[in-house]
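Contents: one structure, followed by commentary.
Where a number appears in this text, it was derived from the coordinates with a stated rule and is not lab data. Please read all numbers here as calculations on a predicted model, not as lab measurements. Methodologically, a virtual Cβ is constructed for each residue, glycine included, from the backbone with ideal geometry; neighbour enumeration extends over all protein chains shown.
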Amino acid sequence: MNSTSTVVVTRRSKSLADRGRELLGRFGVHLFLAGFGIIFALPLYWLFMSSLKEQSEIFKVPPDLWPVNPRWMNFPDVLEVIPFWTYLGNSFALVVWSTIGALISNTFIAYGFARLNWPYRDQVFILVLATMMLPFQVRMIPMYIAFHQIGWLNTLLPLIVPSFFGNAFYIFLLRQFYRTIPMDLSDAARVDGANELQIFWSVVLPLMKPAITTLVLFEVIFTWNDFIGPLIYLRDNDRYTLSIGLRTFFTLYGARWDLLMACSTMFTLPMVIMFFFGQRRFIEGITLTGIKG
Amino acid sequence: MNTNRSNLMWAGIFVGPWVLGFLLFTAYPFFASLWYSFTNYNIVRDAEFIGLYNYEFMFFKDIVFWVSIGNTFYFAITLVIFGTIVDIFLAALLNRKIVARATYRLIYFIPVLVPTVASSLIWIWVLNPQRGIVNYLLEAMGLVGPNWLGSTTWVKPALVIMAIWGSGRAIIIFLAGLQEIPRHLYEAARIDGAGPITVFRHITLPLLTPVILFNVVVGLIFSFQAFAESYIMTQGGPANASLFYGLNLYFHAFENLRMGYASALAWLLFMIIMFFTLVVFRGTRRWVYYENE
């Protein structure tokens, strides 16, 4: 009570000088945000602008800041220079299957940790979290050798199958959401004679839509971007995903910056569009869990 | 009794997939790579047990290993210091209630959505010594831009700048941390006549330490695992100046096919990551302020 009245008093007694200082402060904030904003936006501007340049214009010194004749044909041209549709198809298959796997396994597993009581549950959950400390590089070599021995190299299987067995990061994320759903709902259903699977499916899962959206966004972006996984496991050009395909394109046509930038634009755009649709959930997921590499 | 057994059964159904995945994709590679790290193994011939030789070679005979350690620390420390300063600064500005805040936030976040392969190509092109926009702008300001990725001095700073460009995720986390700081503290400070710098030093910064700590640990771990950028942009060059830990490990595993030695490198990486996590969390009590304590 006391402090509120003090604030009111100070506000009322705000002098003209104070107001001037505040305005100046606001201007300063805009100046810095816009200045840094231009620096942050510059590489993407350069990307898009280069993707519209003609091959001859790309190498002009000093460079043009905007193409003289924007050349939109660079985009269809990419499709002729590299097997873009093949790469896209592989990326698409990888993204869809991994997301299905992550969705099924993690909603299931996290439910077991959040809404069922069993001995040593919390100790086992600590083990789940501990697996996050094990770097990919430690798993990489034995998994490569194992997949080599069962003949899965050069297929998408080593990249897809593990996603059907849960992932510590998603289990943690979903568990946080599951715990916010009142236990009374489950108990009521249990009294009505529903078994755990029915409760999971028809009582709890429908309330998990925001968390599921977050998971799908993260998994799609992660698998679409993944580089080292496909690099290790895929050998032949017709098996490549877009990320490996784009890098191959660079090693073969390192000077065609018009087409490389057009292809990079096409590779990036789906992620940006997806982000616009799921922005809120995405940001929420980041702040809730801290990271996602 | 009966409910206990049915609880156990349901726990098995829900958590079972994780247990299976844990055994196959975490526990197995964990022990297998430890075993490989004591062998000489190139996949083609059987693994040959050589005791601690890989570790001995690493520490006492492999100069390139020490070069990669030096590069990685240089990169990690520079990134953590400058990245943290830039990210907190931007988050503090974005936390102000100003017009176009959402647009600013979007500008700083979009680089996160650019797939690594695309961002690597973009930055090769942006940093092109003659035709890139960075040196063009430096020249316009009367400066001579360096040879960036082709220079042993500038290649690491270039990769740090690129990493800060893509650090929008950390900005979001800092922003969330700033929003958790109770408003009344700021109001009280203002009444006491504290200026913006005093407020930042004595309220914002101390209350933000848990988030800073988190981002520092993540930054260090990220630096030690970083791979794709240097692989695509420089292949570790020039003269090993950008040969980072993760890249060196990959080269040993998949280009030299020295799986045993690479496993030893992977295990050391695991130790380093554990060490960072533990040391920093132990140091927590010293310099991190937690509100609940």
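So here's what we get for this one:
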quantity: For chain A, alpha-carbon Rg over 2.2 N^0.38 Å; calculated: 1.36
quantity: Shielding by other protein chains, B:119-129, mean Cβ within 10 Å; calculated: 6
quantity: Partner chain coverage, peptide B:90-100 - average Cβ within 10 angstrom; calculated: 3
quantity: Positive minus negative residues near B:Ala228 (Lys, Arg vs Asp, Glu; Cβ under 14 Å); calculated: -1
quantity: Rg/Rg_ref, the protein assembly as shown, where Rg_ref = 2.2 N^0.38 Å and atoms are Cα; calculated: 1.05
quantity: Charge tally in the Cβ shell below 11 Å around A:His30, where Lys, Arg are +1 and Asp, Glu are -1, A:His30 excluded; calculated: +3
quantity: In sequence order, calculated HN-Hα J values of the stretch A:146-159 (Karplus, 6.51, -1.76, 1.60; Hz; x Gly/Pro); calculated: 5, 5, 4, 5, 8, x, 9, 5, 6, 10, 7, 4, x, 8
quantity: Rounded to whole Hz, the Karplus (6.51, -1.76, 1.60) HN-Hα couplings of the stretch B:234-249, x for glycine and proline; calculated: 9, 6, x, x, x, 6, 6, 5, 10, 7, 9, 3, x, 6, 4, 4
quantity: Ordering of B:157-167, A:23-33, B:127-137, B:241-251 by burial proxy (mean other Cβ atoms within 10 Å per residue, highest first); calculated: B:241-251, B:157-167, B:127-137, A:23-33
quantity: Per residue, the convex hull volume that the Cα atoms of the stretch B:53-287 enclose (Å³); calculated: 156
quantity: 10 Å Cβ neighbours from other chains, averaged over peptide A:31-43; calculated: 6
quantity: Distant-in-sequence amide H partners of B:Thr39 (H built 1.01 Å from N, under 5 Å); calculated: B:Ile50
quantity: Contour excess over end-to-end distance, with Cα ends at B:Leu257 and B:Thr103 and 0.36 nm allotted per residue; calculated: 50.6 nm
